[in-house]
Every structure is written in structure tokens, then in C-alpha cells.
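Okay, so here's the structure we're looking at.
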Amino acid sequence: MGDQKKEETESSPLLSSGSSMDIELQGCGATPFCNPNSFVHRYFIVLVLICFLSFGSYFCYDNPAALQDTMINDLDINESKFMAFYSFYSWPNVVLCMFGGYLIDRVFGVRLGAIIFSIFVTCGQVLFAFGSLLDSYAVMCLGRFVFGIGGESLAVAQNTYAVKWFQGKALNMVFGLQLSFSRVGSTVNMNVMQPIYDYIDQSTHGYKCLGIALFVGAFMCIFSLILGIILAVLDKRADNILKRKNVASEEMIKFRDILTFPFPFWLISVICVAYYVAVFPFIGLGLVFFEMKFGLSPTSANAVNSLVYIVSAVASPVFGFLIDRSGKNVFWVLIGILVTLACHMLLAFTFLNPYIAMIIMGLSYSVLASALWPMVALIIPAHQLGTAYGIMQAIQNLGLAVISLTAGIVVDKNGYLILEVFFMAWLCLALIAGVLLYLWDASNGGKLNLSAKIRHLEDAKLAAESEKALQ
Ligand SMILES: NCCCC[C@H](N)C(=O)NCC(=O)O
């Protein structure tokens, strides 16, 4: 292979040695663009498709937040019933996304699993929109239930794809990019849904106008579904060309394997739930908080409320890239939690311009998300990752479901200051779990907080040892 070819072909961690030399490419010939082992193919085609997999899901997840005032008025519901749209998303995932991950590992595989869950997301959003057209709160809740079944398990499939294609190289940056594309979906939603509603409101009004606007989200889900099908075709093609091994049946995960998941995995799951319940429900309720405490107009309040997503859409891949270079994932998780806690304190106890706290929260959220999710792949074997991410998200959704309801009740009864104190308490729990993870990791070999340099040396040593064992 010429030097130029070598530069273009980044060895996939799943390749057996030398097989990149004798790849028989099907179809478009040996151009890097079509070579599943080339840098171009993996980073400019596969990674982009993986990143768009959850675009529609993230766009629709916060449709309620983008239309909070409108939805409450058109459907004639209170804050608690409004927040139930988030609870109906999360409750099924307390259990189902665990099964979703297990089904990916053991039954469907990542390709078929991603397509099936994309279909659930699309059908759920269509039901949600249709329910509004019928002015049926029950149908809308059913729609969020179905949407939730797909949304979380689709995120599990997305994480599983990311590890399959990018394990061992740039995984933090890949997770950061994944998050960035998804957050672009959230940001687009936060800033276009109200103008779309206002445009439709020129001819149709009330819950019918709301229903038509929500169908825009359904088209975003169809877009992601189509890209998910293309990704499945390319992944299957790569398996054939690169002769990637399927997991042997005796290696397939069994449900009792969950009991063997290491203690750090459960600490990571506690950090995940305790941190995210202070982010997603806060943003779900943020519109009215910024209108009431800081006297902002609905448009300005929407803009401030979407800053976390806007900033993370840009910052996540940057921090993911930097964390790939520095390592020290646990350290960055602790920094993310501490800075987010400080932002909530600024919002709760000061009248400092909320743009400042929300921009900083966007940065700290990006640091945490880029450092937290890839850690699972450092302690759980590849054939059990779907189940592991499913459990982690199931625990996260248990927290989100309960806190979404509780937060709505706290606001209705005690106001926003107590709500902010409530969120800060959860971040203190995340901090305690993060310190425990740091101490446990430090006293057990320090795998999760290794510097990138030492981690690469350790990986090279392990690869050499496994190569020697095969000879
Ligand atoms: N439609 C929203 C999917 C959320 C996926 C998962 N629960 C999650 O939290 N991912 C990380 C993130 O920061 O969004």
C-alpha cells in the first residue's frame, strides 16, 4: 500500500491485522470514499449518519418546552399536566430502554434496532400531533409514551454504533459530535417552533394550529429514519468487506450478566441521573422562569432557555476533542458538575443577566456529557454495551420521570426559588457520586482517570499481549 493510501486508511479497531491490505471492495472500487476502513468513509459518511440518527428525536423531545405558553393555553392545561408530557416520555424508559439495549445486544443487532426505534419515534410524534388536532390530551400523552419508547432506545443504538466504529480512537470527540448534532436539533426546535406556530396561526387557530405545527417534528423524525436505513446498509457492507466478527452465541449477553457490571458503572449511572434531572426538567420549565424572574418576553425567554443547547451544539465536539487529548474523564465530570451547580446558584440567588449563567451552563453541560458517556465503554465489554447504556438511561429516565412531575408540583406550590434549590440538591448528589468514583478509580488502577498518553500506552500493551496470545 502506498504511503498516501496508508495515510488515508485509518485502521479500524475491529480489523484483524493486515486485512486492510486485502480488502475486496464491493461496488465503487477502492476509492477512500467507499473504503469502510478509510478515514474519509468513517468520519465524513458513517460518523455524520450516526450523528443524525437522533436528530429528529432531539428536535421533538423539547417541542413542549418550545411551545410551553402556547400549549398550556391551547390545550387548557396547568404546569403539572404540561410537565406530564415529559413524564410520559420518561416513564416507559424506566424499564423499556433497558430491554431496548438488551434487544440490540441479543436480538435485533444495532442496525435493525436503530431502524425499529426510529419508527417508534416517528409514530409517537405523529400520534402527539394528531392528539392535538383532536384536542385529546390522552392521545397526546400516548404519543409521548410511544415516542419515548423509541427515543431512548434509539440513543442506546446510537451510542452502540459510535463505539463499534470508533472504539479506542477519538471516542470522546465522537460522543461530543453526536451530542452536538442532537443539540442542533434541540436548538432548531427551540427557535423555529414558535415562528412556525405563529405562521400557521394566520389561518388556523388553537389546538388545530398546534397539531399542524407538531407535524413538522414528524418530518424531522422521518429524515432521521431514512438516514438510519442508509447507515444500516453501510454498516452491513462494512461487516462483509472488513470481515468483522459477529458476537459468538456463547458470548451473547445474558440478563444475569448485569450483576457483574462493575461498581464504577453504577456510580456513573448515579452521576447521570442526578445531573440530568437538574438540566432537562429545568429547561422544560425555564421559559416561564425567565419570564417571571427576569421579566423577559416569550421570545427572549425562549432564546435564553435554548442557550444550553445552542452552546453545547458548538462546545460538545470541541470539549470531546480536548478530553480525547487530555484523558482524565472523571476530573472533567467533576468540573462539569461544579460549574453547573454554580450556574444554578447564580440563577437562584442573583439577578445577574441570565444569559451569563446559561452560557456557562451550556459549556459545563458539554464538558460533562462529552466526558461521562464514553467512560462506560472503558469498563463494559463491547458485546454488553447496549444493555449497559440501556440501564444507564433507564436509571436516568426514572429520575427524569419523577423529577419532571415533582418539579411541576414544586413550582405550582412553592415557586421557582425553591425549585432551584431542589435542582442544586440533586447536583450535590452528583458531586458526591463523582468524588466516590474518583476515589474508587484511584484505588483500583485509575482506568477512568488516566491521562490520554498513559491510556494509549496501556491500550498498545494490551493489544500486543492479545496478539502474542493469538500466535
Ligand atoms: N430524545 C432525547 C434523547 C436523550 C438520550 C439520553 N437520555 C441522553 O440524555 N443523552 C445525552 C444528552 O445529553 O442528551
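Once C-alpha pairs closer than 8 Å and six or more residues apart are averaged by separation and normalised to the residue number of the chain, the relative contact order reads 24 percent.
Spin-label pair Ser326-Cys428: with each label point 7 Å from Cα along the Cα-Cβ axis, the two points sit 2.7 nm from one another. Protein heavy-atom accessible surface, 1.4 Å probe, per residue over the chain: 40 Å².
Of the accessible area of the stretch 115-176, computed with a 1.4 Å probe over protein heavy atoms only, carbon and sulfur atoms account for 79 percent. With one equal scatterer per alpha carbon and no solvent term, the Debye-computed log10 I(q)/I(0) for the chain at 0.10 1/Å reads -0.72.
Shown for the stretch 395-443: the carbon plus sulfur share of the solvent-accessible area, taken with all protein chains present and a 1.4 angstrom probe, equals 79%. Normalising the average separation of contacting C-alpha pairs (under 8 angstrom, six or more residues apart) by the number of residues puts the relative contact order of the stretch 308-427 at 33 percent.
Each principal axis of the stretch 368-461 carries a Cα extent, and these read 58, 26, 20 Å when sorted largest first.
Plugging the Kirkwood radius over Cα pairs into Stokes-Einstein for the stretch 255-327, at a temperature of 10 °C and a viscosity of 1.306 mPa s, what D comes out in µm²/s? So the translational diffusion coefficient is about 104 µm²/s.
Given the peptides 298-307, 314-323, arrange them by the average over their residues of other C-beta atoms within 10 Å, most packed first.
Descending mean neighbour count gives 314-323, 298-307.
You can think of it this way: the chain between Leu352 and Asn73 has 97.4 nm of extra reach, that is 0.36 nm per residue less the Cα-Cα gap. Its relative contact order, with pairs defined as Cα atoms under 8 Å and 6+ residues apart, puts the stretch 95-231 at 34 percent. Past 23 Å, Cα to Cα: identify those pairs from Lys164/Lys243; Lys236/Lys328; Lys208/Lys293; Lys236/Lys468; Lys236/Lys461, in the order given. Violating the 23 Å limit, Cα to Cα: Lys236/Lys328; Lys208/Lys293; Lys236/Lys468; Lys236/Lys461. Max-minus-min Cα coordinates of the stretch 131-260 on each principal axis give 58, 31, 25 Å, with the largest extent listed first. Taking 0.36 nm per residue of separation and subtracting the Cα-Cα distance, full extension of the segment from Ser443 to Arg244 would add 68.0 nm.
The values are calculated or read from the model by the stated rules, or taken from the named source; none is laboratory data. For clarity, every value in this text was computed on a predicted model and none was experimentally measured. Positions of Cβ are generated from backbone atoms using ideal geometry, with glycine treated the same way; all protein chains shown enter the neighbour counts. Ligands, DNA and RNA are excluded from the accessible area calculation, which covers all protein heavy atoms including side chains. Shrake-Rupley method; radii C 1.70, N 1.55, O 1.52, S 1.80 Å.
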